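First comes the structure, then the notes that go with it.
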Amino acid sequence: MINIRTKDEIKVMRKAGQIVRDTLYMLEENIKPGITTLELDQMAENFIRSNNAIPGFKGLYGFPATLCISIDDEVVHGIPKDRVLNEGEIVGIDVGSIVDGYYGDHAKTFQVSEISKEKENLLKITNECLSKGIDKARPGNFIGDIGFAIQKHAEKFGYSVVRDLVGHGIGTKLHEEPQIPNYGIAGTGARIESGMCFAIEPMINLGIADVVTMSDNWTICTADGSPSAHFEHTITITDDGAEILTK
C-alpha cells in the first residue's frame, strides 16, 4: 500500500527534510583533505540532535552511524571510521532525520578539493538524473516514468544505473512502498497521486552497473572499481507536481 500523507504530516516531513538539508550544507563546509569520515559523522549527529531531531539511520537495521559515507568506488552505505579524505576523491553522504516520528532522507556526492574532469561530469550528470526523475513525479504519471527518465539520461552519457538498489516511499518509516527503481519502462508501475511521498535517489556508475557488498556487510562498491555518484531528495506530490522537501 502506498500511503497518502495529510498536509499536517507533510508539514512535519518538511521540517525533517530541512534538517537533513542543513546538515549537508554544514558538512560541505568541512569536507576537505585530512578530515576523517568519523569526524564528519560526529558533526552530523551533534547538529541533528541540536535541532531537536533524531538521527534517522543510527541503529536502523543495525547500522552503527548517523551518516552513510561512501568514497569513490563505494556506491552507498559506507560506515564512517578513521578513514581520511584525500584530494581528488568524491564522497557520497546520505543522511536521515526523524522529527515527531517522520523521516527526512537526503544525499549528495561532494568533491574533495580538486577532482578529475571525469568525476566532475559524473557528479553533474547524476544530479541531472535526479532532477529528471523528480520532474516525472507528478499526479497521473507512473512510477516507471521516474526510472525511465533517470536511466535515459544516464545512459545517454555512457554511464550505468545501479539496479540492485532503489528509491522508495517514505514517511513514518524510512523505507515504505513503493520501490522506485532508477531504470524502467515509461507508463508502468503504480499511478502517482497527490499526497504520496518519495525518496528518489539515482546511483550512477562510471563503469558497469554491477555492485558487490564488502565484508562489513554494509558497504556496497562497484564491481569494477569505477567511481559512483549518489544524489537523493525527499519529495511530496502536489497537484502541480513534486515539492522537494529537502531543497
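Here, each number is a calculation from the coordinates, and none is a lab measurement. A quick note: this is a predicted structure, and the numbers were derived from the prediction, not measured. Positions of Cβ are generated from backbone atoms using ideal geometry, with glycine treated the same way; all protein chains shown enter the neighbour counts.
Observations
- Long-range HN-HN contacts of LEU245 with modeled amide H, under 5 Å: THR234, ILE235, THR236
- The mean sequence separation of alpha-carbon pairs under 8 Å and at least six residues apart, normalised by the residue count of the chain, gives a relative contact order of 23 percent.
- Additional length obtainable on full extension of the chain from ASP216 to ASP239, 0.36 nm per residue less Cα span: 4.0 nm
- Virtual paramagnetic centre 7 Å along Cα→Cβ of ASN52, amide N under 18 Å, in the stretch 1-34: 8-23
- In loop segments of the stretch 94-142 as defined by DSSP, the GluC sites (Glu not before Pro) with at most 10 further C-beta atoms inside 10 Å of their C-beta are GLU114.
- In sequence order, calculated HN-Hα J values of the stretch 34-45 (Karplus, 6.51, -1.76, 1.60; Hz; x Gly/Pro): x, 7, 9, 5, 5, 4, 4, 4, 5, 4, 5, 4
- Vicinal HN-Hα couplings computed from phi for the stretch 198-209 (Karplus, 6.51 cos²θ - 1.76 cosθ + 1.60; Hz; Gly/Pro x): 10, 10, 9, 8, x, 10, 10, 9, 5, x, 7, 7
- Residue pairs, from the table LYS7/LYS81; LYS117/LYS152; LYS11/LYS117; LYS58/LYS124; LYS32/LYS136; LYS58/LYS119, whose Cα atoms sit over 32 Å apart: LYS7/LYS81; LYS11/LYS117; LYS32/LYS136
- Prolate/oblate/rounded call for the chain, Cα gyration tensor, a/c under 1.5 rounded: oblate
- Here HIS233, HIS153 are placed in order of increasing Cβ neighbour count within 10 Å, fewest first, which gives HIS153, HIS233.
- Stretchable slack from ASP224 to GLU155, in nm (0.36 nm times residue separation minus alpha-carbon distance): 23.1 nm
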